[in-house]
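Inspection log for the structure reproduced underneath, given as structure tokens.
Every number here is computed from the coordinates shown, using simple stated rules; none is lab data. Just so we're clear, the structure is a prediction, and the values are computed from it rather than from any experiment. Backbone-built Cβ (ideal geometry, glycine too); neighbour counts: all protein chains shown.
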Amino acid sequence: MPKINNPISFLRGPKIKNRFMLAPLTNCQSHEDGILSEEEYHWLTMRAKGGFGLVMTCATHVQAVGQGFPGQLGIFSDDHIEGLTKLARGINEEGSISILQLHHAGKKTLADLIGEIPVSPSGDKKTGARALSHEEVILLIEDFVEGAVRAEKAGFHGVELHGAHGYMICQFLSAKTNSREDEFGGSFHNRASVLFRIIDGIRERCGDDFIVGVRLSPEGVVKLEESIALAKQLMMEEKIDFLDMSLWDVFKEPLEEAFQGQTLMSYFTRLNRKNVKLGVAGKIRTPAEVEAIMQENVDWIMLGRAAILHHDFPNRFFQKKEFRPVENPVSREHLESEGVSKKFITYLESWPGFVGQ
Ligand SMILES: Cc1cc2nc3c(=O)[nH]c(=O)nc-3n(C[C@H](O)[C@H](O)[C@H](O)COP(=O)(O)O)c2cc1C
């Protein structure tokens, strides 16, 4: 089994110094037009300084209408490239690999935020979203690819496609949210075709060394059986470099009764992954948990909340194994000392039990 401090290489791109990756974390710190702010720059480069082998940005939206959060980082216009160039350089200069997460919220947004009716693969009464036309789906694919091209221009080593948590790509994948009758709906193959076309487009338009990853969350919106089939296909084709399984809790069992009796994670770690690297995220909080999950046939691990609490979790881990992270709820002062701005703290207050008085 590889150790957390062993370097790792993806199929493409430079070697990564260790197997600690910073999870994509929405932080609402950017400017209203999606342009990078000093706060977002400081928050992410501090994690690169703190020893993460790979630093991933928050979900970054590829169309204006795809914005899901106020203060979200954008990549839907060339105007974003200048700020993103500074960000990629800042991460890379610390010896960390920079990956930008490409995102579209689809119907998981508010008309008030985007100033128009949200869009989705199919119309949805509950949210008021309207169905995308066929031409708009083609444009959506193109805008994801264009986002990757901009990320490469800005100097990022690669991108991750946000196919998790019920956002646009996930809305296409799921039969619950996709009842289209064209080539993008119906069979699982058709529902997944938006994702595969985006990957093909990026491979055509970006350089040979450009890293592409995919994030999936395997249950809830998408059925577990289909998530496993999708993971298999993504790994067998080797067009992507890594698969990032967002499990919310790496120790949990599946929700679907028929699959219980083993961890959700194990359905993915036991698949033949060829040369695609597999990582997991979800409630990895202590050095002991880091070591335990590295024994589970994963190539790398991702820290989300633990990395908000300690920007230098990896450095502390390597220096002192008995490092004991602080526990939630934590004070605003602690968060500020870890490079979390007031805007981000306000967002974190919507996560139960995270911030104390
Ligand atoms: C504040 C916050 C913001 C998040 N933003 C994103 C995001 O932008 N994109 C994404 O794919 N996941 C996002 N997630 C999920 C995390 O990447 C991660 O998978 C999840 O928090 C579980 O890992 P953890 O227990 O180490 O935090 C977010 C989670 C939190 C707590």
Inset, instruction - Please say if the chain is rounded, prolate or oblate, where rounded means a/c under 1.5 for a ≥ b ≥ c the square roots of the C-alpha gyration tensor eigenvalues, and otherwise the choice is prolate for a/b larger than b/c and oblate otherwise? - result: rounded
Legend entry - Dipole of the chain, positive end: most advanced residue of S217, I4, A192 [Cβ charges, Cα centre]: I4
Inset, instruction - Pull up the cross-link candidates among the aspartates and glutamates for K223, meaning alpha carbon to alpha carbon under 14 Å and not fewer than 8 places away within one chain. - result: E256, E257
Legend entry - Net charge contributed by nearby residues that have their C-beta within less than 10 Å of N5 (K/R +1, D/E -1): +3
Inset, instruction - Please list, or write none, the aspartates and glutamates whose alpha carbon is within less than 14 Å of the alpha carbon of K252, excluding same-chain residues fewer than 8 places away. - result: E219, E289, E296
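Restricting to DSSP H runs of at least four residues, report the calculated mean residue ellipticity at 222 nm for the chain, -39500 (n - 2.57) per run over all residues, nearest 500 deg cm²/dmol.
Values: 14 runs with 124 residues, N = 357.
It comes out at -9500 deg cm²/dmol, rounded to the nearest 500.
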Legend entry - Lys/Arg +1, Asp/Glu -1 at C-beta; segment 20-325 dipole; positive extreme among M302, L255, A292: A292
Inset, instruction - Taking the Cα centre of segment 125-259 as origin, work out the dipole magnitude from +1 charges on Lys and Arg Cβ and -1 charges on Asp and Glu Cβ, in debye rounded to 20. - result: 460 debye
Inset, instruction - Hand me the tally of lysine pairs in segment 9-108: alpha carbons under 25 angstrom apart, and the pair either on different chains or 8 or more positions apart. - result: 5
Inset, instruction - Could you go through segment 130-140 in sequence order and give the Karplus-derived ³J(HN,Hα) for each residue, using 6.51 cos²θ - 1.76 cosθ + 1.60 with θ = phi - 60°, rounded to whole Hz, and x for Gly and Pro? - result: 9, 6, 6, 6, 4, 5, 5, 5, 4, 5, 4
Inset, instruction - Name the most mobile residue of L161, L255, L278, meaning the one with the largest mean-square fluctuation, in a Gaussian network model of the chain with Cα contacts below 10 Å. - result: L255
